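The structure appears below as structure tokens.
The values are calculated or read from the model by the stated rules, or taken from the named source; none is laboratory data. All figures in this text were calculated on a predicted structure; none of them were measured in a lab. Note that each Cβ is placed from the backbone with ideal geometry, even for glycine, and that neighbours are counted across all protein chains shown.
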Amino acid sequence: MTASPKPATNLAVNADRLWASIEETARIGATAKGGLRRLALSAEDAEVRAWFKTACEAAGCTVAIDSLGNMFARRPGRNAALPPIAIGSHLDTQPTGGRFDGVIGVLAGLEVLRLLQEAGIETEAPIEVINWTNEEGARFAPAMLASGTFAGVFSAEYAYSRTDRDGVRFDTALDSIGARGEGLGHALSAHFELHIEQGPILEAEARTIGVVTGVQSIRWYEATLIGSDGHAGATPMRLRRDALLGTARVIEAVHRLARAHAPDAVGTVGLLENRPNSRNVVPGEVFFTIDLRHPDDAVLAEMDASLRDALAEIATADGLELSLEQTWESPAVHFDAACIARVRQAAAAFGYPSRDLVSGAGHDSAYIARVAPTTMVFVPCAGGLSHNEAESATREDVAAGANVLLHAVLATDAALTG
Ligand code: GLV
Ligand code: MN
Ligand code: MN
């Protein structure tokens with residue numbers, strides 16, 4: 001393998017311009033607590049998509065939209081036969097999301113486009129900045145739905161048929177904001193994604209850049225416990241079949257299961273619908289989700305078996321009917337060695353302290369890694385806080401991440417022609 005060329009450290013992004021675009025788009029879906037609510041394919045998502053298209057066109061790009069609503073802003077290269085080098089992430093957020101998760105990855109890409117245009121730099125390959133639809137999985141499960149479909153993991157029919165908790169289908173939502181384009185899937189020379197770490201390590205170690213070597217394994221489940229509705233005053237405790245009580249025991253079991261595989265395992269019950277949800281009715285039915293993760297697929301498989309045993313035991317003990325379905329699995333991902341080396345080298349060239357990390361969160365890059373050489377760049381976030389309106393990162397760190405992204409992309413371009 002040939003060494004990547006040393007980045008020209010005098011070519012750097014405009015930190016103020018990048019920060020200004022973060023602030024400008026943070027008005028779209030802004031929450032009272034300083035975060036964002038920009039659920040996939042909502043009116044707010046439509047507004048930020050329109051903003052992104054206009055900004056990319058002003059930076060000299062054409063913007064194409066595929067049949068899943070993924071947006072591709074392309075800056076031509078000298079050689080139109082080369083597949084584009086992509087910079088991608090997402091502009092959708094959690095219901096009480098922060099201003100950085102996903103957003104900085106797309107806006108840093110935009111800043112790279114603006115800088116290349118301003119500096120009159122021609123690349124050999126086209127550069128493509130991508131806004132992937134519905135990364136979060138907050139409105140339509142699973143997460144990374146449209147990048148996964150682009151990568152051939154899901155069929156378009158499967159993606160279209162996903163429904164939100166109100167029963168609205170993905171394709172209906174896509175059409176309702178006019179976000180459906182044409183075509184699906186094209187070759188990429190590489191894919192890079194800048195993201196906040198969403199964990200505490202970089203901040204604790206005072207490092208600016210996380211060189212992301214992979215993404216941990218994830219499984220999502222949907223479960224329903226069914227007991228019997230009953231009168232809160234007249235049903236004796238010994239006769240109750242309380243589905244919410246069973247769910248409480250499940251939440252405790254998921255917590256213990258993850259703790260039993262410390263320090264790397266995590267387990268979460270994050271969504272719960274208690275029925276009929278009336279203060280003087282013993283709850284007869286509860287729908288809930290479970291999210292289990294571990295860096296090692298084999299350990300996650302063991303956790304899956306323990307989960308099934310624990311839930312069956314609880315259901316039997318409490319006289320409840322259980323339905324449990326694994327709805328999604330995203331196996332552990334190992335990113336491309338050459339892309340990782342270019343990120344590491346770009347960080348070193350700028351003198352940014354860095355370390356290798358495995359991502360705890362899922363990312364579009366996890367699926368794009370199946371179809372193109374891929375890696376990610378992490379920057380610190382305050383207190384490791386994410387999926388929280390108080391999510392925070394500094395202008396300097398975000399700019400540092402964008403500089404690493406820029407030079408990793410340029411080194412990839414050089415290697416393509418090398
Ligand atoms: C996406 O944010 C995930 O990791 O669940
Ligand atoms: Mn994200
Ligand atoms: Mn997220």
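Which residue out of Ala243, Ala248, Ala258, Ala204 is within 16 Å of ligand 1 (Cβ to nearest atom) and over 21 Å from the mean Cα position of the chain (by Cα)?
Step by step, each of Ala243, Ala248, Ala258, Ala204 is checked, and only Ala258 is within 16 Å of ligand 1 (Cβ to nearest atom) and over 21 Å from the mean Cα position of the chain (by Cα).
Checking the conditions here, which among Val409, Val371, Val343 is outside any strand (DSSP E or B), at pLDDT 95 or above, away from ligand 3 (no atom under 16 Å from the Cβ) and touching a Lys or Arg at 6+ places or on another chain (Cβ under 9 Å)?
Val409
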Problem set entry | When residues of segment 203-219 are limited to those that are of a type in the set (A, V, I, L, M, F, W, C) and within 16 Å of ligand 2 (Cβ to nearest atom), the one nearest to Val343 (Cα to Cα) | Val212
Exercise. Filter segment 212-240 for residues that are touching a strand residue (DSSP E or B) at 6+ places or on another chain (Cβ under 8 Å) and of a type in the set (Lys, Arg); which is surrounded by the most Cβ atoms within 10 Å (Cβ to Cβ)?
Worked result: Arg219
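Only one residue in Ala204, Ala173, Ala187 is among the hydrophobic types (A, V, I, L, M, F, W, C) and closer than 15 Å to Asp66 by Cβ, so which one is that?
Being among the hydrophobic types (A, V, I, L, M, F, W, C) and closer than 15 Å to Asp66 by Cβ holds for just one of Ala204, Ala173, Ala187, which is Ala187.
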Exercise. So which residues in segment 55-112 are aromatic (Phe, Trp, Tyr) and within 16 Å of ligand 2 (Cβ to nearest atom), if there are any at all?
Worked result: Phe100
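For every residue, the table says whether it meets (1) acidic (Asp, Glu); (2) touching a Pro at 6+ places or on another chain (Cβ under 8 Å); (3) more than 16 Å from ligand 1 (Cβ to nearest atom); (4) farther than 22 Å from Phe335 by Cα.
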| residue | (1), (2), (3), (4) |
| --- | --- |
| Pro380 | no, no, yes, no |
| Gly383 | no, yes, yes, yes |
| Asn388 | no, no, no, yes |
| Glu396 | yes, no, yes, yes |
| Ala400 | no, no, yes, no |
| Asn403 | no, no, yes, no |
| Ala411 | no, yes, yes, no |
For this session: Any chance you could count how many residues in segment 89-117 are of a type in the set (D, E, K, R) and either without any contact (Cβ under 8 Å) to a residue 60 or more places away in the chain or under 18 Å from Leu39 (Cα atoms) (or both)?
Result: 3
For this session: Select from segment 79-109 the residues that are more than 17 Å from Ala43 (Cα to Cα) and hydroxyl-bearing (Ser, Thr, Tyr) and list them in ascending order.
Result: Ser89
Exercise. If you scan segment 139-165, which residues turn out to be under 16 Å from Ala40 (Cα atoms) and buried (at least 23 other Cβ atoms within 10 Å of the Cβ)?
Worked result: Arg139, Phe140, Ala143, Met144, Leu145, Ala146, Ser147, Gly148, Thr149, Ala159
For this session: Please enumerate the residues belonging to segment 81-96 that are farther than 13 Å from Ser365 by Cα and within 14 Å of ligand 3 (Cβ to nearest atom).
Result: Leu91, Asp92, Thr93, Gln94, Pro95, Thr96
For this session: Can you tell me which residue among Arg241, Arg165, Arg249, Arg259 is touching a Ser or Thr at 6+ places or on another chain (Cβ under 6 Å) and either at pLDDT below 95 or on the phi < 0 side of the Ramachandran plot (or both)?
Result: Arg241
